[in-house]
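Chemist: To start, I am sharing the structure in question, which I have written as C-alpha cells.
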Amino acid sequence: MDEKASANNAYASHDEKNATPALKHDGLADAAGRRRSVALNVVVNPLKRGSQEKTVADARAFAESHGMAEHAALFGRAALVARDTDRFEMVTELDEQERSALVYERDHKWHGPKMLWYSISLCAVGAATQGWDQTGSNGANLSFPKEFGLVGPDGVSTGRDEWIVGLINAIIFLTAGLIGAWIVDPLNHYFGRRGEIFITACCLTACPIGSGFARSWQGLFAARFVLGIGIGAKNATVPIYSAEMAPARIRGALVMFWQLWVVAGIFLGFCANVIVKDTGAIAWRLQLGSAFIPSFVLGCGIFFCPESPRWLMKHDRHAEGFVSMSRLRAHPIIAARDFYYSCVIYEQELLENPGSNYFSRLRDCFTVPRIRRSNYGASTVMIAQQMCGINIISFYSSTIFVNAGYTATQALYTSLGYGAIQVVSTIPTLFLIDTKGRRTLTLITFPLMAIFLLAAGLSLLKTTGSLGAQVGPVALFIYLFTICYSLGEGPVAFQYSAEVFPTIQREQGMAWVVCINNTFAGILSLTFPRMNHVMTPTGAFGFYAGLNLIAWFMIFCFVRETKQLTLEEIDQVFSVPTKSFISYEMFVWLPWFIKRKIFRQNIVKPPPIIERAEKSDALGEE
C-alpha cells in the first residue's frame, strides 16, 4: 500500500446513515499537536450500498413501476454500470455492443449524438441575445442621449442626465435580477424548460424591436424594463437546461457554450454597430433593435429539442424522461445508466426534503449546510463577474475610447476588436475548463486582470503627445484584460452556478445567483457614467482593479472544484464544512503549491480533500 493509500485510510470517514462525510475541523491536528491533512470526503455511490443482485432487482423494479417494463433488463445492466463506472468492462451481463459503446464513450470524450450538440448549440444561441443587447447599448450611447436631450449644446451632460443614461443602460439588469430571475420556478414548473425558454425568447424578440421605435427616453426605459425580465428568466433557465442534458465528462465545456455565445453576441453586436454607423439619426435605433435576431432563432429552434430528462423525472414522467435521455446519449445503455443514477439520487433528495415548496426550497439555499456552501461558491463567482469590471468595457467601451481621444468611428472599430478578442480567447477554455478546472482558471486569471485593468487606467493619465501614445496603451491593456477574463471568470460563472445546486433546489439557487449577477451588473451600469465623471477614468479603473483582488480572495475561500463530477457527485463536494475547506487550502494545499511550483521542491502532493469512493477503494486494495 503506497503513501497516498495510507493517507486515505487514515483520514477517510463517512456517516453511512446520511451518506455525508463525518468531517471535523479539529481533525487538522493529530494527538501530538502536529498539523495534518483534512480528512478526505469520500464520494460514496449509493448503488454500492447493497449487493449486485439487489442493485439489479431494484433497477428492474424501477423500470416496471414507471411504465418501462420493456426496458427492465436494460436498466438492470445499466445499474451495474452506474454502480462502478470505472470498471464497467468487468460487468459480464453486458452484451458486446453495449460494452463497445461504453468503451467508445470512455475513449472519445466528445462523442455524442447530433441531438445533444443541436440542443446545446441552440441554447448557446440564446445567450447571444444578452451580449448583443449590451453592445447595442454600447454603440447607442454615442447618439441616443443627444436625441432625447440628455446632452447639453456644448456636449456636456449634467449629473441628472448622466444618471438617466446610466439607468436606461442598467434597467435591463436590475429587472433581470429583481424580477426575471424570481419567476423562473413557476414558469419552469408549469411550462417546462423548453416552454419557459420559448416564452422568454418571444419577450426577447419583441422588446428590442420596441426599443428601436421608442419616441422618448421614458419609452426606451419601458421597453428595456420588460426586456430585462425576459433576460433574467432566460439566464436562469438555459444554463440549467444545458447542464441537465450534458454528460458529466464534458459538461463544463458544453455548458460553457453559454459564455462562448455571450461573447459571440457581443462581437456580433459590435459588428451591427459598425454596419449601421452611417445611417444617420436612426443608427442607435438599429443598434438596439438588431438584438432580436438570436432570440428569434432560439424561439423557432427550441421546438425541435427534447425536454430536460431531469425535469421530466421531477414531474414523475419517467418514461418520457428516459426517451428524452435516449435522444441525448449515443446508446441506450448510456442513457439508462445516466437516467437511472439521476433518479436514485433524486429519490434520496426527496426523502431528505419531504413536502417542500417554493419558499422552503429557497430557504434551504441559506439554511441547509450543504446547499449553503454551494450557494457561497455560486454567489461568489457571480458577483466576481461584476467586481472584475468587464461590463464597464462591454457597456461603455465606445464612450471610453471617445473620451480617450478617438473619433466615434474609431471607437466603434476598436470596440469591435474587443469583441473579437473575447470570442477568440474563450475558445481555448472549452478544452481547459474540464481539465484544469473552474477554480484553477479563476485563481490564475484574477491577479492578471487586476494588473492589466490598473495599467489601462494609468495609461489614461497621459495627456500629452500623439493620439496613439494615449489610446494605443489603453486599448492594449483592455485587450489583455479581456483575454484573461475570457480564459477564467467569463466562462466559469454561469457554468459553475448551473451545476452546484441539488436537483430539488436548482431553480431557486440559480434564481438567487442570477439575481445577484444581474443586480450588480445593473448597479455597475447605473453608476459608471457618474463614477467616470467624478473619479476620472483612471480612478474608476483603479477602483475595479482593487475589486479584482478582493474577488480573488473570495474565490480562494469559497469556490470548490467540480470538474468531471456528475451533478449528483457534486452533492458530496459541498459536504465538507467551510472552515475545514479553507483550512485545507490555507495550511495544506497552499504551502505545497508554494514549495512545489515556486521554489521547485520535489515534494509529494498532499491527498485531496475530495476523493471518489471508487478511487479510494482501488487504493485500499494495493
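Chemist: Got a sec? Which helices (runs of 4 or more DSSP H) wholly within the stretch 90-151 have at least 1 residues that are surrounded by fewer than 19 Cβ atoms within 10 Å (Cβ to Cβ) and under 22 Å from the mean Cα position of the chain (by Cα)?
Modeler: Passing ranges, in order: 114-140.
Chemist: Hey, which of the helices (runs of 4 or more DSSP H) in the stretch 291-390, taking only ones fully inside, have at least 1 residues that are more than 26 Å from residue 125 (Cα to Cα), in contact (Cβ under 8 Å) with a residue 24 or more places away in the chain and open to solvent by less than 60 Å² (accessible area, probe 1.4 Å)?
Modeler: Once the helices (runs of 4 or more DSSP H) in the stretch 291-390 are filtered for at least 1 residues that are more than 26 Å from residue 125 (Cα to Cα), in contact (Cβ under 8 Å) with a residue 24 or more places away in the chain and open to solvent by less than 60 Å² (accessible area, probe 1.4 Å), what remains is 309-314, 318-327, 332-352, 358-367, 369-387.
Chemist: Here's a follow-up. Could you list, ordered by first residue, the pairs with Cβ atoms under 7 Å in which the first is in the stretch 124-145 and of a type in the set (Ser, Thr, Tyr) and the second is outside any helix (DSSP H, G or I), at least 6 apart or interchain?
Modeler: From residues that are of a type in the set (Ser, Thr, Tyr), the pairs are 129/291.
Chemist: Next up: So, residue 186, is that one in a helix (DSSP H, G or I), open to solvent by 10 Å² or more (accessible area, probe 1.4 Å), under 16 Å from residue 508 (Cα atoms) and in contact with a helix residue (DSSP H, G or I) (Cβ under 8 Å, 6 or more places away or on another chain) or not?
Modeler: yes
Chemist: For the stretch 482-501, state whether one or more residues are within 20 Å of residue 399 (Cβ to Cβ) and either in a helix (DSSP H, G or I) or in contact with a Pro (Cβ under 6 Å, 6 or more places away or on another chain) (or both).
Modeler: yes
Chemist: Right, here's the next one. Would you be able to say whether some residue in the stretch 540-549 is more than 18 Å from residue 455 (Cα to Cα), out of contact with any Leu (no Cβ under 8 Å at 6 or more places or on another chain) and of a type outside the set (S, T, N, Q)?
Modeler: No, every residue in the stretch 540-549 fails to be more than 18 Å from residue 455 (Cα to Cα), out of contact with any Leu (no Cβ under 8 Å at 6 or more places or on another chain) and of a type outside the set (S, T, N, Q).
Chemist: Still on this structure, please answer the following. Anything in the stretch 277-289 that is open to solvent by 20 Å² or more (accessible area, probe 1.4 Å) and either in a helix (DSSP H, G or I) or touching a residue at least 24 places away in the same chain (Cβ under 8 Å) (or both)? List them, or say none.
Modeler: Hits for the stretch 277-289 are 277, 280, 281, 282, 285, 286.
Chemist: If you don't mind, another one. Would you check if there is a residue in the stretch 515-530 being modelled with pLDDT under 80 and at negative phi?
Modeler: The answer is no; no qualifying residue exists.
Chemist: Give, as residue ranges, the helices (runs of 4 or more DSSP H) completely inside the stretch 403-464 that count at least 3 residues that are open to solvent by less than 20 Å² (accessible area, probe 1.4 Å) and either under 25 Å from residue 495 (Cβ atoms) or in contact with a Leu (Cβ under 8 Å, 6 or more places away or on another chain) (or both).
Modeler: Helices (runs of 4 or more DSSP H) meeting the threshold: 408-426, 438-459.
Chemist: Moving to a separate point now. For the stretch 37-52, what are the residues that are charged (D, E, K, R) and either assigned to a helix (DSSP H, G or I) or modelled with pLDDT under 80 (or both)?
Modeler: Scanning the stretch 37-52 gives a single hit, 48.
Chemist: Out of all the residues in the stretch 552-587, which are β-branched (Val, Ile, Thr), open to solvent by less than 20 Å² (accessible area, probe 1.4 Å) and modelled with pLDDT of 90 or more?
Modeler: Those that are β-branched (Val, Ile, Thr), open to solvent by less than 20 Å² (accessible area, probe 1.4 Å) and modelled with pLDDT of 90 or more: 555, 559.
Chemist: Could I ask something else about it? Kindly provide the set of residues from the stretch 346-388 that are in contact with a helix residue (DSSP H, G or I) (Cβ under 8 Å, 6 or more places away or on another chain), over 22 Å from residue 316 (Cβ atoms) and not hydrophobic (A, V, I, L, M, F, W, C), ordered by number.
Modeler: Within the stretch 346-388, 370, 372, 373, 374, 375, 376, 377, 379, 380, 385, 386 qualify.
Chemist: Mind checking which pairs have a first residue in the stretch 206-227 that is farther than 14 Å from residue 285 by Cβ and modelled with pLDDT of 90 or more and a second that is open to solvent by less than 50 Å² (accessible area, probe 1.4 Å) and among the charged types (D, E, K, R), Cβ under 8 Å, 6 or more apart or different chains?
Modeler: Correct list of pairs: 227/133.
The values are calculated or read from the model by the stated rules, or taken from the named source; none is laboratory data. Treat the numbers as computed from the prediction; the structure is a model and nothing was measured. Glycine gets a Cβ as well: all are built from the backbone with ideal geometry, and neighbour counts include every protein chain shown. Side chains are part of the model used for accessible areas, which takes the heavy atoms of the whole protein and leaves out ligands, DNA and RNA. Shrake-Rupley method; radii C 1.70, N 1.55, O 1.52, S 1.80 Å.
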